[in-house]
Amino acid sequence: MTDVETFTPLPDHTQLPCEDGSFVKNFQEHPQSVLLTDSIRPILQTIHPDGQYCIGQDSGIYWRLTDPPQRGAEAPDWFYVPNVPPALDGQMRRSYVLWQEIIPPQIVIEFVSGTGAEERDRTPWTGKFWVYETAIRPAYYAIYEVQKAQVEVYFLEKTHYQLLPANERGHFPIDELGVELGIWPGTYQNVTLPWLRWWDHTGQLLLTGEERAERLAAKLRELGVDPTELES
């Protein structure tokens, strides 16, 4: 029997679990993820005119084979991977499998719902911080704590994460994307919180589609134009 005949291919995203039976920890996580995705999408479409990128929201990143399989994955609350197709073979991704695609995420963001100890755990092989720093290796790792109205951003320098200093605006530059990450005390989806948001490199807040539409409508009203008449 040849080596080819005994070779067992590694599982892909269709063969690995896409959930572990847990549920979203709080009501803020989903709108926070949508806010990040909606506001940065125009930037990503400019960077990737071919559409080759993907965004994961509370989705698994498989980095090793284990039994059960879920132990070999982390599920960041939000992450972005450049230069990969958004779907595979006409199917939406069930997870992101590193041994299939090789390219690591550019940035991973965790939303703290407890003390933050889990997100900063450096225990080899099991600690979330250790796994991101050593195995998954996103260029940036952000830890967002809504209760403290703060975000910590780490950048990968050689083999270890270094804490990224804030700029003069109190934001954290993600140079590869030409954006900044920071805290925005405001109202989104009828809830006032210190939300995690993006700004461009000049310090202009990146707006959601709804915010852009509201701003346009306000400008039209200033010019004496009723926005509702344009819709008919």
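Among the residues of the range 184-193 satisfying the criterion of being within 24 Å of LEU44 (Cβ to Cβ) and touching a residue at least 24 places away in the same chain (Cβ under 8 Å), which is surrounded by the most Cβ atoms within 10 Å (Cβ to Cβ)? That would be TYR188. Inspect all residues belonging to the range 172-180 and state whether any of them is surrounded by 12 or more Cβ atoms within 10 Å (Cβ to Cβ), of a type in the set (Gly, Ala, Ser) and more than 19 Å from ALA149 (Cβ to Cβ). Yes, there is a match, as at least one residue in the range 172-180 is surrounded by 12 or more Cβ atoms within 10 Å (Cβ to Cβ), of a type in the set (Gly, Ala, Ser) and more than 19 Å from ALA149 (Cβ to Cβ).
Checking the range 135-142 against the condition returns a match, with at least one residue being under 21 Å from ASP77 (Cα atoms), of a type in the set (Ser, Thr, Tyr) and without any contact (Cβ under 8 Å) to a residue 40 or more places away in the chain.
Of the residues that make up the range 81-102, is at least one farther than 24 Å from ILE47 by Cβ, modelled with pLDDT of 95 or more and of a type in the set (Val, Ile, Thr)? Scanning the range 81-102 turns up no residue that is farther than 24 Å from ILE47 by Cβ, modelled with pLDDT of 95 or more and of a type in the set (Val, Ile, Thr). Does TYR80 meet the test of being farther than 26 Å from TYR188 by Cβ, buried (at least 18 other Cβ atoms within 10 Å of the Cβ) and out of contact with any Cys (no Cβ under 7 Å at 6 or more places or on another chain)? Against the criterion (farther than 26 Å from TYR188 by Cβ, buried (at least 18 other Cβ atoms within 10 Å of the Cβ) and out of contact with any Cys (no Cβ under 7 Å at 6 or more places or on another chain)), TYR80 does not qualify. Scanning the range 122-162 for residues that are among the basic types (Lys, Arg) and buried (at least 19 other Cβ atoms within 10 Å of the Cβ) returns a single hit, LYS128. Counting only residues that are among the charged types (D, E, K, R), farther than 26 Å from GLU101 by Cβ and not in a strand (DSSP E or B), the range 137-186 holds 3 of them. The residues listed here are LEU156, LEU163; of these, the one that is modelled with pLDDT of 95 or more, under 18 Å from ILE61 (Cβ atoms) and among the aliphatic types (A, V, I, L, M) is LEU156. Looking for something touching a helix residue (DSSP H, G or I) at 6+ places or on another chain (Cβ under 7 Å) and at negative phi - is there at least one such residue anywhere in the range 142-154? No.
The values are calculated or read from the model by the stated rules, or taken from the named source; none is laboratory data. These numbers were taken from a predicted model, which means no experiment stands behind them. FYI the Cβ positions are ideal-geometry reconstructions off the backbone, even for glycines, and counts take in every protein chain you see.
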